[in-house]
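Enquirer: Quick one: structure below, then a few questions.
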Amino acid sequence: MINLDGAHVCVTGGARGIGRATAAALAAEGAIVTIGDIDLDAAVATAESLGIRARHLDVTDETSFRDFLASSADDGDIDMFVNNAGIQLMGRFVDNNLEALHRELNINLGAVVTGTHLVLPRMIARGRGHIVNVSSMAGKVSTPGMATYCASKFGVVALSRAIRAELVGTGVNLTTVMPAATHTDLTSGVTLRLQPTLEPGDVAVAIVASATHGRPEVTVPRWLAPMGLVEQGLPEKLLLGAKRLVGGKEPGAFDSEQRKAYLDRTQTP
């Protein structure tokens with residue numbers, strides 16, 4: 001477990017949304033926080049408002065990731081690392097741009113592979129450390145209209161579970177956090193209908209708490225934990241009916257005008 005007071009903590013995708021809320025909550029616990037984001041101006045503005053540090057980070061580029069980690073702890077040890085950066089496309093799989101789909105996978109899953117691989121060796125060497133991989137309830141329950149997002153988040157869940165089995169006895173913990181739909185730019189213009197929804201601060205509380213309890217998987221809210229079993233246990237036709245009730249008949253319905261600013265920003269490398 002990690003004592004956050006004075007701990008070096010890194011958060012990817014920290015300029016906005018869940019990343020920003022997490023950085024604020026960690027700083028309130030006395031952690032020395034560095035956020036990384038591809039939008040450096042936004043990251044610097046967030047850092048100045050929270051009294052933390054900001055660095056440029058392109059999570060799809062290994063060199064950028066290495067530079068970010070080296071500068072975050074002044075070439076020292078990172079006590080806690082939060083893989084938070086992510087984007088979300090909406091709409092039917094066949095209607096989405098193929099390059100954009102691969103970019104979504106690279107950011108949501110590929111960056112988790114890179115970040116986790118880069119921070120683990122030093123954590124294992126000193127016998128302590130905590131990693132949080134932010135997935136989603138979409139990593140337990142598949143949703144029409146966001147196929148590659150679900151694939152990436154299922155991948156984060158499976159990757160994290162496999163790595164945890166390898167970390168037994170090392171003193172390093174890895175927690176997968178799976179929030180329900182959260183009110184951030186990522187869900188702007190999205191039709192959420194009957195889905196449970198959260199604020200970024202709700203997810204931040206769960207991420208910060210994981211540093212002390214170290215549980216392997218955390219759903220936010222906690223009562224959604226059985227949904228993965230429901231997904232696996234019910235007949236697919238029955239599930240499809242339930243998902244249409246919650247999400248509507250049109251897969252991945254969203255307001256294109258409300259979502260335009262988010263897509264313009266996230267689809268620019």
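Enquirer: Please find, within region 47-90, the residue that is farthest from ALA21 (Cα to Cα) out of those that are among the polar types (S, T, N, Q) and out of contact with any helix residue (DSSP H, G or I) (no Cβ under 6 Å at 6 or more places or on another chain). Break it down stepwise before answering.
Expert: Within region 47-90, the first condition is being among the polar types (S, T, N, Q), and the residues that meet it are 49, 60, 63-64, 71-72, 83-84, 88.
So of that shortlist, the ones also out of contact with any helix residue (DSSP H, G or I) (no Cβ under 6 Å at 6 or more places or on another chain) come out as 49, 63-64, 71-72.
Values: SER49: 12, THR63: 27, SER64: 23, SER71: 22, SER72: 19 Å.
Checking each candidate, the answer is THR63.
Enquirer: Note down all Cβ pairs under 8 Å where the first residue falls in region 129-142 and is within 30 Å of GLY76 (Cα to Cα), the second is part of a strand (DSSP E or B) and aromatic (Phe, Trp, Tyr), and they're at least six residues apart or on different chains.
Expert: GLY129/PHE81; HIS130/PHE81; ILE131/PHE81; VAL132/PHE81
Each row is one residue, and each column tells you yes or no for (1) surrounded by 14 or more Cβ atoms within 10 Å (Cβ to Cβ); (2) at pLDDT below 75.
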{"site": "GLY201", "(1), (2)": "yes, no"}
{"site": "THR212", "(1), (2)": "no, no"}
{"site": "GLU217", "(1), (2)": "yes, no"}
{"site": "LEU224", "(1), (2)": "yes, no"}
{"site": "PRO235", "(1), (2)": "no, yes"}
{"site": "GLY241", "(1), (2)": "no, yes"}
{"site": "LYS249", "(1), (2)": "no, yes"}
{"site": "ASP264", "(1), (2)": "no, no"}
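Enquirer: In this structure, is LEU101 closer than 21 Å to ALA7 by Cα and without any contact (Cβ under 8 Å) to a residue 60 or more places away in the chain?
Expert: Numbers: closer than 21 Å to ALA7 by Cα: no; without any contact (Cβ under 8 Å) to a residue 60 or more places away in the chain: yes.
Answer is no for this residue.
Enquirer: Evaluate the following for VAL134: is it crowded, with 20+ Cβ neighbours inside 10 Å, among the aliphatic types (A, V, I, L, M) and modelled with pLDDT of 95 or more?
Expert: Values: crowded, with 20+ Cβ neighbours inside 10 Å: yes; among the aliphatic types (A, V, I, L, M): yes; modelled with pLDDT of 95 or more: yes.
Judged against the criteria, VAL134 is a match.
The values are calculated or read from the model by the stated rules, or taken from the named source; none is laboratory data. Predicted model, so just to flag it, every value in this text is computed and none were measured. Note that each Cβ is placed from the backbone with ideal geometry, even for glycine, and that neighbours are counted across all protein chains shown.
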